[in-house]
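Structure first, commentary second.
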Amino acid sequence: MTNTWPLVPLGEIATPIERPEIPVAGKIYRQVGVRLWGVGAYERESIDGSQTQYKTLSRIEDGDIILNKIWARNGSVAVVPRSLAGCYVSSEFPTFVPIREKLRPSWFHWITKTKSFWGQCDEKSRGTSGKNRIRPEQFLKIEIPLPPLEEQQRIVARIEALARRVEEARGLRGKAVEKCDILLRSMIFDESNGAPTPTSMRELVRLREPDVIVRPEETYHFAGVYCFGKGVFRGQRKSGMNFAYPRLTRLRTGNFVYPKLMAWEGALGVVPPECDGLVVSTEFPVFEIDQSRVLPEILDVYFRTPSVWPTLSAESTGTNVRRRRLNPTDFFAFKMPLPPMSTQFRLREVKAKIDKVRQLQVETQKELDALMPSILAKAFAGEL
């Protein structure tokens, strides 16, 4: 049934508070930030009192409500968890104390995760300044549904129980993916059809030359490669006037590609069909795979393996760790364990089945992502 709870302005159930402290050189202050879209508060880097430009910092405590003035319009509002009690915020983070006889902090915690609340934050931020900062007095005009304390407690307990189930489902999905990855990686080293042979990459791939001449009047759709084995993805469209590369390379399905700068962090992958025809700069070496020697699936699985990345790091040049580059000559010298072709074809078959499961998971992930917003909508409508 629809609730009959009153909509109450925050100003009636929360009060502004400051616990100011003048920063002292030599004292370390734990800082807190607030993530967007109701994700919550988090601990930032700690600072020495001599490092801040603010004349005072304010201590926050368990159950406080804090917001980021600039980003409140994007849901940057949170309830302080016990783990962050005693941390500090600047004046850019107004703080409020819930009136416990009327409002449970846990009730407001879940309110901060709703689109209706974000919409009110956005509305109250408009026109207050050039950066759309929300003023504390405007924030306190936001209205939220307020049932009796006992009802708040009951509904929060129900929300938290359902949230645990959603997280359990996410965890099971993650474990399933991890086990599939372990299976595929183990197949590369399977010796039932013969042991893998250490083989240099120059025997398996051929470097492609850039084949696209950049024209200022043209628009180019770029691809990128995620770090940590997450593969090739569709990137941004850019005008030829907005970058300095005179040539680009057009990707083809089944090519192998990596960025020189980030390959050592697992940014390597085989081009999937959805990225066919996209382009990359010359900072991304592109290779054609000799499929008479190695199937693309083998390279894709092998180079997405975390234990391989430190070896690539050792092959990369540069004294600064963050600026190491894997040049094609070094990549050609890199040796990988090459399974017999019979093992490769078996891995291809297994991977095709696993990829279907992954695609099904992608589709069901959307349903999983929609669960919590649906749960919260029902909760605050009195239907939970």
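Derivation of every value follows stated rules applied to the coordinates shown; laboratory data play no part. Note that this is a predicted model, so its numbers are computed, not measured. Cβ sites come from the backbone with ideal geometry, for glycine too, and all protein chains shown count toward neighbours.
Assorted remarks:
- Amide H contacts for residue 235 (H built 1.01 Å from N in the peptide plane; partners 5 or more residues away or on another chain; cut-off under 5 Å): 222, 223, 224.
- Computed on segment 197-338, with alpha-carbon pairs under 8 angstrom and 6+ residues apart, the relative contact order is 31 percent.
- Assuming charge only on the beta carbon of Lys and Arg (+1) and of Asp and Glu (-1), the dipole of segment 197-338 about its Cα centre is about 360 debye to the nearest 20.
- Once the Cα atoms are used to define both axes, helix 115-125 deviates from the longest principal axis of the chain by about 70 degrees.
- Which listed pairs, of 260/351; 141/378; 69/102; 179/366; 230/351; 175/230, have C-alpha distances above 18 Å, in listed order: 260/351; 141/378; 69/102; 179/366
- In degrees, nearest ten, helix 341-379 long axis to first principal axis of the chain (Cα): 10
- J(HN,Hα) series, segment 76-88, from Karplus relation 6.51 cos²θ - 1.76 cosθ + 1.60, nearest Hz, glycine and proline x: 8, 9, 8, 9, 5, x, 4, 5, 9, 4, x, 7, 10
- On Cα atoms only, tilt of 149-188 relative to the major axis of the chain in degrees: 10
- Rg(Cα) / (2.2 N^0.38 Å) computed for segment 7-146, rounded to two decimals: 1.01
- Mean silhouette area of segment 77-153, derived from the convex hull of its C-alpha atoms and averaged over all directions, reads 5.9 nm².
- Overall dimensions of segment 274-384 by Cα: Rg and Dmax, Å: 21.1, 65
- Bridges between two residues of segment 7-146, per DSSP, are antiparallel at a rate of about 95%.
- Normalised convex hull volume, segment 120-242, alpha-carbon set, Å³ per residue: 237
- Qualifying chymotrypsin sites (Phe, Trp or Tyr not before Pro) for segment 1-70 [loop in DSSP, other Cβ within 10 Å: at most 16]: 37, 54
- Ranked 201, 341, criterion: other C-beta atoms within 10 Å, fewest first: 341, 201
- Placing +1 on the Cβ of every Lys and Arg and -1 on the Cβ of every Asp and Glu, with no other charges, gives the chain a dipole of roughly 340 debye about its Cα centre.
- Trypsin sites (Lys or Arg not before Pro) within segment 115-205, DSSP loop, no more than 15 other Cβ atoms inside 10 Å: 126, 131, 141
- A cut-off of 5 Å between modelled amide H atoms, ignoring neighbours fewer than 5 places along the same chain, links residue 14 with 99.
- Ranking of 375, 60 by neighbouring Cβ atoms within 10 Å, starting from the fewest: 375, 60.
- Counting only Cβ charges, +1 for Lys and Arg and -1 for Asp and Glu, the dipole size of segment 7-146 around its Cα centre is about 280 debye.
- Candidates 99, 65, 298, ranked by Gaussian network fluctuation over the chain, Cα under 10 Å, top entry: 99
- At q = 0.13, 0.17, 0.20 Å⁻¹, base-10 log of I(q)/I(0) for segment 174-307 (Debye sum, equal scatterers on each alpha carbon): -0.59, -0.93, -1.19
- Across the alpha-carbon set of the chain, the Rg to Rh ratio works out to 1.08, Rh being the Kirkwood radius.
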